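These notes concern the structure reproduced below.
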Amino acid sequence: MEELEHCSGDENAQADVSRLMIYCQLTAGILSAITAPNLGSLSETIGPKPALSCSTIGVLLCNAMMLLILQHPDFIDLRWVLIGYAIEGLGGIGVAVLHDGPIETARARSFTPLHAGMHFLVASMNSFEGVYWVSFCAYLPLTLAFIFILP
């Protein structure tokens, strides 16, 4: 428990954060399990643009909400984190992006460098807020491209 002596907060803070992240991932996962098939069928019926846009807008809104919470922790209640993850889950957590890709082997090859780069950037960040800035800056051009460039 030598690491906890360096923390200026409560000894139970890590357990509280882990519990909060479990609730967040559970909320996003359940909502994504409901919306992802609907986004997939929407993509097959009217084209990929609405599904891809909705999927990335959900992640973008979650990141924007997290950045607001991290910028103003005294004014915004921590329960808004759950609402941010619920918005991300309603967006399908990017499942529609993977669904509309090419065949499975090409899809895996194309998304592996993307995921590796994102996880490297996240691991190299020394602040929790920096992780959300990287994610927000990565999803913003992708969302704009899906909305304005994709036919």
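The values are calculated or read from the model by the stated rules, or taken from the named source; none is laboratory data. Owing to the predicted nature of the structure, the values given are computational and were not obtained by experimental measurement. So basically every Cβ, Gly included, is an ideal-geometry build from the backbone, and we count neighbours across all protein chains shown.
Against the test of being closer than 20 Å to residue 138 by Cβ and either part of a helix (DSSP H, G or I) or at pLDDT 80 or above (or both), the options 82, 67, 26, 4 yield a single qualifying residue, 67. Only a single criterion out of (1) under 15 Å from the mean Cα position of the chain (by Cα); (2) at pLDDT 80 or above; (3) closer than 27 Å to residue 144 by Cβ is not satisfied by residue 94, namely (2). The residues on offer are 70, 90, and the sole one that is farther than 19 Å from residue 26 by Cβ, surrounded by 15 or more Cβ atoms within 10 Å (Cβ to Cβ) and either out of contact with any strand residue (DSSP E or B) (no Cβ under 8 Å at 6 or more places or on another chain) or not aliphatic (A, V, I, L, M) (or both) is 70.
Of the residues making up segment 54-71, those that are of a type outside the set (Val, Ile, Thr) and either over 14 Å from the mean Cα position of the chain (by Cα) or at positive phi (or both) are 68, 70, 71.
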